[in-house]
1. Taking the options Ala306, Ala372, name whichever one is over 24 Å from the mean Cα position of the chain (by Cα), surrounded by 13 or more Cβ atoms within 10 Å (Cβ to Cβ) and touching a residue at least 24 places away in the same chain (Cβ under 8 Å).
2. Quick check on my filter: what residues within region 429-446 are closer than 16 Å to Ile367 by Cα and in contact with an Asp or Glu (Cβ under 8 Å, 6 or more places away or on another chain)?
3. Condition first: of a type outside the set (Phe, Trp, Tyr), within 17 Å of Ile247 (Cα to Cα) and in contact with a helix residue (DSSP H, G or I) (Cβ under 9 Å, 6 or more places away or on another chain). Can you find one or more residues in region 121-142 that meet it?
4. Just need a number here: residues in region 211-256 that are of a type in the set (Gly, Ala, Ser) and part of a loop (DSSP other than H, G, I, E, B).
5. What residue, of Ala53, Ala62, Ala85, Ala92, is at pLDDT 95 or above, farther than 21 Å from Ser314 by Cα, hydrophobic (A, V, I, L, M, F, W, C) and touching a helix residue (DSSP H, G or I) at 6+ places or on another chain (Cβ under 6 Å)?
6. Which members of region 257-269 meet the condition of being surrounded by fewer than 24 Cβ atoms within 10 Å (Cβ to Cβ) and either on the phi > 0 side of the Ramachandran plot or in a helix (DSSP H, G or I) (or both)?
7. From the list Leu469, Leu454, exactly one residue is surrounded by 19 or more Cβ atoms within 10 Å (Cβ to Cβ), under 22 Å from the mean Cα position of the chain (by Cα), touching a residue at least 24 places away in the same chain (Cβ under 8 Å) and farther than 30 Å from Ala320 by Cβ. Which is it?
8. Which one of the conditions (1) crowded, with 19+ Cβ neighbours inside 10 Å; (2) out of contact with any strand residue (DSSP E or B) (no Cβ under 6 Å at 6 or more places or on another chain) does Lys135 fail to meet, given that it meets all the rest?
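The values are calculated or read from the model by the stated rules, or taken from the named source; none is laboratory data. Given the structure is predicted, the values throughout are model-derived calculations rather than measurements. Cβ placement follows ideal geometry from the backbone for every residue including glycine, while neighbour counts extend to all protein chains displayed.
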Amino acid sequence: MLTRRDFGSLLAVAANGAAAPAAPHQAGYAERDITPDIGMEQPGGYGKVFHKALHDPCKVRAAVFDDGARRVALAGVDALMVPRALVLAARAEIRQRCGLPPEAVLIGASHSHSSGPTGMVQPGEYDHASPLVRKLAYEQSSAANPGYLERVRSRIVEAICAAHDGRTTARTSFGVGVEDKAAFNRRFRMRNGLTYTHPGKGNPDIVKVAGPIDPAVTVLGTWNDLGQLTGCVVHYACHATTSPPGISANWIYYLERAIRGFFGPGAVVVFLQGFSGDVTQVNNLDPHANPNGDQWARLVGGRVGAEAVRVLLSSTPGAAIPLDAKSDTLRIPRRAPSPERVRQCLEIVQRDPKTAGATNWTFAKEILMLDALLAREKEVEAEIQGLQVGPAVFLSAPGEMFCQLGLDIRAGSRFPFPCPVELANGCVGYVPTEEALGPHGGGYETRLTAYSNLAPDAGPRMVRAAVNLARQMKPGALPEAPPAPPFREPWSYGNVPPELS
């Protein structure tokens, strides 16, 4: 049981020298509401679904760090994705209002499947296509809402500028914990030699899990002169698909509640999603029934949040220096369906989905939409970004990145706190490993669609670009607690032999 004395000791660890001289940097945090309206589309699938209830608010949460020479901004958005056009427009206004250069602003989506309509089809994306494809895209696919996109863009700008304008002298702590019971790889090697996504509990043909998880919970905490937590940045890798009933930030809502429950409601919790394109909360090897959406969200968010609290209590605040930011833009070819497949898919979509089969009809629709995209653009733009905060580096890519790619970035970064961030500064769909697209690969994430269609070497190219950016930066020193005073004598209460009488 945690005693009053123990609790006081924990708070002392958290404050850890609050009276010490201020470290030479400033930081600011802010958040803004982006909760969608009831009746708006719920993104995350290939067809239209509409929100009917509200569970909890969706937000933009932002942090800005300033070492006197550079400033960098991190924004976490409760959204399925942040379209590239939205990011470019937000960065342009942020530069105008705050002077932050585009490469110093990272905007990442949590990939909440219970958030507002920022995807999948973008406004005007298929205006060049045939009437049939326009109907498939705009009327029979999940589509972004133009008014909501503008709301999200303006709130991102407001949150980052408010965090920038609210900078105060601060000390920042860095730490990493482990949470390996909340997330699981969803792809499995089967007896037929292929790999399936979510093969089903109790499936006798499962041979083994086909990929890793990333259990690291990396946390940057910002503390004021009184030793109070003003905000933190949390990085973890797990799909936000727990889906509580209604509009929701998903399990990130309970992550925030866990941290605020200990440190107070004023702490802003910026969440950045790790490489989790093949990692979700679903444990396919668990023989028990899955919990309901709200229970699942509490489980994941609570476990990750509890670990974040432990990390914050165990880390020493100090200087978050140096800061740096770099980016690289890749042009990556799309995979293309054969003309014969396009012809077959055209025949399928002209049939009733009930007779054609819902799955066959859906992915035939996707092939026709991809064919239309290829007519306009055979390559996609992918920004790889490196944003350094002292001994931590956030290395981002714009796709739903397979977990192994993130582990490869971690191994090559040379930073003590490397954070691979997916779905940042745009969205190019799933980015599997080359193995997943090879002879023994397969699964949902490798299907060819208008959403996911990059060349097989896209993942390794992004990894190399991210590692290259990290190696152009030098990690800052990890803050350390002050040393103990020189030994003089043992504690007089305890330097005695056993007393038996």
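1. Matching residue, one of Ala306, Ala372: Ala372.
2. The answer is Gly429, Tyr430, Glu445.
3. Within region 121-142, none of the residues are of a type outside the set (Phe, Trp, Tyr), within 17 Å of Ile247 (Cα to Cα) and in contact with a helix residue (DSSP H, G or I) (Cβ under 9 Å, 6 or more places away or on another chain).
4. Here the count works out to 7.
5. After ruling out the rest, the residue left standing is Ala62.
6. Arg257, Ala258, Arg260, Gly261, Phe262, Phe263, Gly264
7. Of the residues listed, the single one that is surrounded by 19 or more Cβ atoms within 10 Å (Cβ to Cβ), under 22 Å from the mean Cα position of the chain (by Cα), touching a residue at least 24 places away in the same chain (Cβ under 8 Å) and farther than 30 Å from Ala320 by Cβ is Leu454.
8. (1)
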